1. Identify the single condition in (1) among the acidic types (Asp, Glu); (2) within 17 Å of ILE138 (Cβ to Cβ); (3) outside any helix (DSSP H, G or I) that ASP10 does not satisfy, given that it satisfies every other one.
2. Of all residues in the stretch 103-112, how many are in contact (Cβ under 8 Å) with a residue 24 or more places away in the chain, closer than 24 Å to LEU9 by Cβ and out of contact with any helix residue (DSSP H, G or I) (no Cβ under 7 Å at 6 or more places or on another chain)?
3. Looking only at the stretch 109-166, which residues are at pLDDT below 90, aromatic (Phe, Trp, Tyr) and under 14 Å from the mean Cα position of the chain (by Cα)?
4. Could you list all residues from the stretch 40-60 that are modelled with pLDDT under 90 and touching a strand residue (DSSP E or B) at 6+ places or on another chain (Cβ under 7 Å)?
5. Within the stretch 124-140, restricting attention to residues that are farther than 19 Å from LYS83 by Cα and of a type in the set (Val, Ile, Thr), which residue is surrounded by the most Cβ atoms within 10 Å (Cβ to Cβ)?
6. Within the set of pairs 6+ apart or on separate chains, which have a first residue in the stretch 68-84 that is under 10 Å from VAL127 (Cα atoms), a second that is of a type outside the set (S, T, N, Q) and part of a helix (DSSP H, G or I), and C-beta atoms under 6 Å apart?
7. Hey, GLY37 hits all of (1) touching a residue at least 12 places away in the same chain (Cβ under 8 Å); (2) over 16 Å from the mean Cα position of the chain (by Cα); (3) closer than 15 Å to VAL82 by Cβ; (4) surrounded by 11 or more Cβ atoms within 10 Å (Cβ to Cβ) but one; which does it fall short on?
8. Looking only at the stretch 50-74, count every residue that is more than 21 Å from LEU135 (Cβ to Cβ) and not polar (S, T, N, Q) and tell me the total.
Amino acid sequence: MDYYQGAVLDYLRMDRTIFVNPECCIQLKQGKMPGKGEHWFCDAVVIDLSVPSVFLCEVSYAAGLGTLVHRLKAWSQHWNEVKYALQRDCMVPEGWAVRPWLFVPENAVEKLVAKVNQMTDENGSPVFRPRITTLESIQPWQRTSWVHRDCDTDKSKTNIPKDMWV
């Protein structure tokens with residue numbers, strides 16, 4: 001685990017309605033030995049009981065966000081299977097919303113949003129709308145309390161579309 005994954009996990013745990021499962025394996029096919037491209041270790045799977053929703057959290061500060069975009073493309077190609085795997089293996093109730101929650105540097109948000117908007121289904125509709133939080137906003141000195149609601153941290157960031165911070 002790198003520094004920013006730890007900082008994001010601390011940030012997520014500050015919200016008492018959120019429960020975190022770090023390094024959670026999402027496995028498309030049930031079994032002991034998943035094949036290549038049939039499973040991913042997600043930085044964290046988060047259950048938010050206030051919504052109720054499930055978030056697949058990924059943290060990246062790499063230049064260009066290539067690995068993150070590659071993972072999102074793979075998820076978008078198997079999105080219904082990913083959601084089913086969460087129901088089967090993590091006991092996520094059917095009907096709960098499932099979204100990626102991405103933690104990236106502020107200067108990478110615009111480029112990331114453009115790439116995510118290209119991930120569409122056969123009808124041209126977005127496969128998912130990730131929630132995006134900037135790494136700069138999760139720093140401990142940016143918060144004044146042990147109680148936070150994430151959507152308040154990025155509202156002032158004009159480069160994050162509204163439906164990606166709530």
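The values are calculated or read from the model by the stated rules, or taken from the named source; none is laboratory data. Here the structure is a predicted model, which is why all the values come from computation and not from measurement. All Cβ positions, glycine included, derive from the backbone under ideal geometry; neighbour counts span all protein chains shown.
1. (3)
2. Matching residues across the stretch 103-112 total 1.
3. Within the stretch 109-166, just TRP165 meets the criteria.
4. TRP40, VAL51, listed by residue number.
5. THR133
6. Cβ pairs passing all conditions: TRP75/VAL82.
7. GLY37 satisfies every listed condition except (4).
8. 5
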